[in-house]
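J.: Just passing along the structure, written as structure tokens.
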Amino acid sequence: GAGVSQSPSNKVTEKGKDVELRCDPISGHTALYWYRQSLGQGLEFLIYFQGNSAPDKSGLPSDRFSAERTGGSVSTLTIQRTQQEDSAVYLCASSPEWGSQHFGDGTRLSIL
Amino acid sequence: AQSVTQPDIHITVSEGASLELRCNYSYGATPYLFWYVQSPGQGLQLLLKYFSGDTLVQGIKGFEAEFKRSQSSFNLRKPSVHWSDAAEYFCAVGARGNEKLTFGTGTRLTIIP
């Protein structure tokens, strides 16, 4: 069956550019999460969507980061005016309302 | 605030030997605990989880973990490792198993012949 799909798998961009990362969750999963995995920082929570509730944005590191989830399915994480410290692997996960999180393979973002 | 400590950054074991990866957590209520495995270039795969009930939980690939409330630990074990077990292992704690997870910094496992 289809798992969590993330695109692109790799993204290289210049400092100061905006980037959009996409996540297609598992069909029927109501919850969607974004995490960032960087060297020396481990895995850190960014944002969480659950159904029609307001998202939990408590992990977003700055106002350059934003995310939306359209129609309760696909999500886009946007990073504006990218900085070199934004280089990381961005992981998306989804889960049923009561269940474990299933992760995609991530987007490796490199800022030159 | 919840936190997870994985005290071993890197462990090397021989193929066929037993394995124990340590995980200690700090959480104010009854925790929901997870172990994930990550192979290079891959996402995280769930090995096992503890929500309630029997404190010894069985997972995939022959792994098990034991929840010990008195020690705030959730150590991962496998009786005999295979070369394919080489990967990074993450312990995580969450609330209700469905909100943001707090991860440990991971333990990298190397298997030698």
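The values are calculated or read from the model by the stated rules, or taken from the named source; none is laboratory data. Keep in mind that this is a model prediction, so the values were computed, not measured. Counting neighbours? That spans all protein chains shown, and the Cβs are built from the backbone with ideal geometry, glycine included.
J.: Only residues that are outside any helix (DSSP H, G or I) and surrounded by fewer than 17 Cβ atoms within 10 Å (Cβ to Cβ): list them for the stretch A:74-86, please.
T.: Matches in the stretch A:74-86: A:Val74, A:Thr76, A:Thr78, A:Gln80, A:Arg81, A:Gln83.
J.: Quick check: is even one residue across the stretch B:1-16 in contact with a helix residue (DSSP H, G or I) (Cβ under 8 Å, 6 or more places away or on another chain) and either of a type in the set (Asp, Glu) or free of Cβ contacts under 8 Å to residues at least 24 places away in the same chain (or both)? Steps first, please.
T.: First, the residues of the stretch B:1-16 that are in contact with a helix residue (DSSP H, G or I) (Cβ under 8 Å, 6 or more places away or on another chain): B:15.
Still in the running and either of a type in the set (Asp, Glu) or free of Cβ contacts under 8 Å to residues at least 24 places away in the same chain (or both): B:15.
Scanning the stretch B:1-16, I find at least one residue that is in contact with a helix residue (DSSP H, G or I) (Cβ under 8 Å, 6 or more places away or on another chain) and either of a type in the set (Asp, Glu) or free of Cβ contacts under 8 Å to residues at least 24 places away in the same chain (or both), so the answer is yes.
J.: I need the full set of residues from the stretch B:66-85 which are surrounded by 14 or more Cβ atoms within 10 Å (Cβ to Cβ) and without any contact (Cβ under 8 Å) to a residue 40 or more places away in the chain, in order please.
T.: B:Glu66, B:Phe67 - these are the residues of the stretch B:66-85 that are surrounded by 14 or more Cβ atoms within 10 Å (Cβ to Cβ) and without any contact (Cβ under 8 Å) to a residue 40 or more places away in the chain.
J.: Please work out if A:Glu20 is at pLDDT 95 or above, among the acidic types (Asp, Glu) and in contact with a Leu (Cβ under 6 Å, 6 or more places away or on another chain). Working first, answer last.
T.: Details: at pLDDT 95 or above: yes; among the acidic types (Asp, Glu): yes; in contact with a Leu (Cβ under 6 Å, 6 or more places away or on another chain): no.
For A:Glu20, the condition - at pLDDT 95 or above, among the acidic types (Asp, Glu) and in contact with a Leu (Cβ under 6 Å, 6 or more places away or on another chain) - is not met.
J.: Of all residues in the stretch B:89-113, which are surrounded by fewer than 18 Cβ atoms within 10 Å (Cβ to Cβ) and over 18 Å from A:Gly99 (Cα atoms)?
T.: Once the filter is applied, which keeps residues that are surrounded by fewer than 18 Cβ atoms within 10 Å (Cβ to Cβ) and over 18 Å from A:Gly99 (Cα atoms), the stretch B:89-113 yields B:Thr105, B:Arg108, B:Thr110, B:Ile112, B:Pro113.
J.: Considering (1) part of a loop (DSSP other than H, G, I, E, B); (2) within 14 Å of chain A (Cβ to nearest Cβ), say which one B:Thr30 fails and leave the rest.
T.: For B:Thr30, the failing item is (2).
J.: So which residues in the stretch A:47-57 are without any contact (Cβ under 8 Å) to a residue 40 or more places away in the chain and surrounded by 11 or more Cβ atoms within 10 Å (Cβ to Cβ)? Break it down into steps so the answer makes sense when it comes.
T.: Looking only at the stretch A:47-57, we keep the residues that are without any contact (Cβ under 8 Å) to a residue 40 or more places away in the chain, and these are A:47-49, A:52-57.
Once the filter is applied, which keeps residues that are without any contact (Cβ under 8 Å) to a residue 40 or more places away in the chain and surrounded by 11 or more Cβ atoms within 10 Å (Cβ to Cβ), the stretch A:47-57 yields A:Ile47, A:Tyr48, A:Phe49, A:Pro55, A:Asp56, A:Lys57.
J.: Another question about this same structure. Give the number of residues within the stretch B:18-64 that are over 14 Å from the mean Cα position of the chain (by Cα), more than 16 Å from B:Leu101 (Cβ to Cβ) and surrounded by 19 or more Cβ atoms within 10 Å (Cβ to Cβ).
T.: 0
J.: In the stretch B:78-113, which residue that is away from chain A (no Cβ under 14 Å) and part of a loop (DSSP other than H, G, I, E, B) is nearest to B:Pro40 (Cα to Cα)? Write out each step before concluding.
T.: Within the stretch B:78-113, the subset away from chain A (no Cβ under 14 Å) is B:78-86, B:109-113.
Filter once more, keeping what is part of a loop (DSSP other than H, G, I, E, B): B:79-82, B:86, B:113.
Details: B:Pro79: 24, B:Ser80: 22, B:Val81: 18, B:His82: 17, B:Ala86: 10, B:Pro113: 20 Å.
The extreme case among them is B:Ala86.
J.: How many residues are farther than 13 Å from A:Ser27 by Cα, more than 7 Å from chain B (Cβ to nearest Cβ) and in contact (Cβ under 8 Å) with a residue 60 or more places away in the chain if we restrict to the stretch A:87-98? Break it down into steps so the answer makes sense when it comes.
T.: Going residue by residue through the stretch A:87-98, those that are farther than 13 Å from A:Ser27 by Cα are A:87-92, A:98.
Checking which are more than 7 Å from chain B (Cβ to nearest Cβ) leaves us with A:87-90, A:92.
Cutting the leftovers down to in contact (Cβ under 8 Å) with a residue 60 or more places away in the chain gives us A:90, A:92.
Number satisfying all stated conditions: 2.
J.: A further question on this structure: Is it the case, given these coordinates, that A:Asp63 is within 8 Å of chain B (Cβ to nearest Cβ), surrounded by fewer than 19 Cβ atoms within 10 Å (Cβ to Cβ), more than 16 Å from A:Ser9 (Cα to Cα) and acidic (Asp, Glu)?
T.: no
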